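This report concerns only the one structure given below.
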Amino acid sequence: DVKVTQSSRYLVKRTGEKVFLECVQDMDHENMFWYRQDPGLGLRLIYFSYDVKMKEKGDIPEGYSVSREKKERFSLILESASTNQTSMYLCASSLFFWRDYEREAFFGQGTRLTVV
Amino acid sequence: GEDVEQSLFLSVREGDSSVINCTYTDSSSTYLYWYKQEPGAGLQLLTYIFSNMDMKQDQRLTVLLNKKDKHLSLRIADTQTGDSAIYFCAENPNQAGTALIFGKGTTLSVSS
């Protein structure tokens, strides 16, 4: 089974802290994504990466950075956490070159981050 | 720009059919997807449809695609309380190395 694992289910951090959210996938997927999910706003893409050390900004990259040093791991970094970054964060992975339905994205279980 | 629209809420009684609707904008999208998110969990692929199909049936699920109107629907027959979840429509921009585009999600509430 494809597995996308996020390091924490729940996190509570203080305003101004540097926060790392880790995501690991075991399917040798090239693409990895970070989304945040907020009620009424759905999933918004923060960053994605299609290869090691490559990254592309999504719709809402401000206040975030990412790191992809290894193919299986994609980290989301909040340089200085703020209360408006309280949210559910979802990591996903998929193949780069897709055929048929292989364009499916596989999701982790999510990390609920609260910034106080 | 690219956008996927869904209604935010749907409430049905157990045993009824549920129909969740979605409109999308990218006519080049090759595949369209329905994802399900149960409370406290990530998203799981529920079903998908290839753009040259009009309909796909999978047990209690029926997906209808009107490519001309860029309209996608998911019908759940004999809806159960376990179907209560958020359902996301997603389109697949026909370009390698890009992200799926998701709608805001429809929260389905099933009452007994």
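FYI, it's all coordinate maths here, none of it is from the lab. Everything numeric here is computed off the predicted structure, so don't read it as measured data. Cβ coordinates were reconstructed from backbone atoms using ideal geometry, including for glycine residues, and neighbour counts include every protein chain displayed.
Return the single residue from A:54, A:32, A:88 with maximal mean-square fluctuation; model: Gaussian network over chain A, springs between Cα atoms under 10 Å.
Greatest mean-square fluctuation among the candidates belongs to A:54.
Just checking the output field for B:44-54: average partner chain Cβ neighbours within 10 Å of each residue's Cβ?
Values: counts 2, 5, 0, 1, 4, 1, 2, 0, 0, 0, 0.
Whole-number average of other-chain Cβ neighbours for B:44-54 is 1.
Quick one: Kirkwood hydrodynamic radius for the range A:30-75, alpha-carbon pairs, angstrom, one decimal? Don't skip to the answer; put the middle values down first.
Working: mean 1/r = 0.0922 Å⁻¹.
Answer for the range A:30-75: a Kirkwood hydrodynamic radius of 10.8 Å.
Ignoring chymotrypsin sites (Phe, Trp or Tyr not before Pro) that are buried or in helix or strand per DSSP, and keeping those with at most 14 other beta carbon atoms within 10 Å, what is the longest stretch of chain A between them? Please list the in-between numbers first.
Details: sites that count: A:96, A:97.
Of all site-free stretches, the longest is A:1-95.
Could you give the spread of the C-alpha atoms of the protein assembly as shown along their three principal axes, from largest to smallest, in whole angstroms?
Principal-axis extents of the Cα atoms in the protein assembly as shown, largest first: 48, 40, 35 Å.
Full-extension gain between residue A:69 and residue A:112, please, as 0.36 nm times their residue separation minus the C-alpha to C-alpha distance. Before the final figure, lay out each step's value.
On the way: separation 43, 0.36 × 43 = 15.48 nm, distance 2.41 nm.
Answer, rounded to one decimal: 13.1 nm.
Using 0.36 nm per residue of separation minus the Cα-Cα distance, give me the extension gain between residue A:51 and residue A:84 in nm, one decimal.
Details: separation 33, 0.36 × 33 = 11.88 nm, distance 2.94 nm.
The residue A:51-residue A:84 span can extend by a further 8.9 nm.
Pick out which of A:24, A:66, A:12 has the largest mean-square fluctuation in a Gaussian network model of chain A, springs linking Cα atoms closer than 10 Å.
Top of the fluctuation ranking is A:12.
Write down the radius of gyration of chain A and its Dmax, each obtained from C-alpha positions, in Å.
According to the Cα coordinates of chain A, Rg and Dmax are 13.6, 44 Å.
What distance in nm separates the simple spin-label points at residue B:109 and residue B:27, each placed 7 Å from Cα in the Cβ direction?
Placing both labels 7 Å beyond Cα along the Cβ direction yields 3.9 nm.
In square nanometres and to one decimal, what's the mean projected area of the convex hull around the Cα atoms of chain B? Walk me through the numbers on the way to the answer.
Working: hull surface 27.6 nm².
Quarter of the Cα hull surface area: 6.9 nm².
Calculate how many DSSP beta bridges within chain B are antiparallel, expressed in % of all such bridges and rounded to the nearest 5. Write out the running numbers ahead of the final one.
Values: 37 of 42 bridges.
The antiparallel proportion sits near 90 percent.
When the dipole is taken about the Cα centre of the range B:61-112, and only Lys, Arg (+1) and Asp, Glu (-1) are charged at their Cβ, what size is it in debye, to the nearest 20? Walk me through the numbers on the way to the answer.
Values: 5 positive and 4 negative charges, 46 e Å.
Dipole about the Cα centre, nearest 20: 220 debye.
Just to compare against my own numbers: the Cα pair-distance distribution for the range B:1-61, 10 Å bins, whole % per bin, please.
It works out to 15, 47, 33, 5, in whole percents.
Eight or more residues apart or on different chains, and alpha-carbon atoms under 13 Å: count the Lys pairs in the protein assembly as shown matching that.
Working: A:53/A:70; A:53/A:71; A:55/A:70; A:55/A:71; B:36/B:104.
So the count works out to 5.
Just to be sure I understand: with springs between alpha-carbon atoms less than 10 Å apart, which residue in B:102, B:50, B:88 has the highest mean-square fluctuation in the Gaussian network model of chain B?
Fluctuation is largest for B:50.
Once you place label points 7 Å from the Cα toward the Cβ at residue B:61 and residue A:38, how far apart are they in nm?
For the pair residue B:61/residue A:38, the computed spacing is 2.9 nm.
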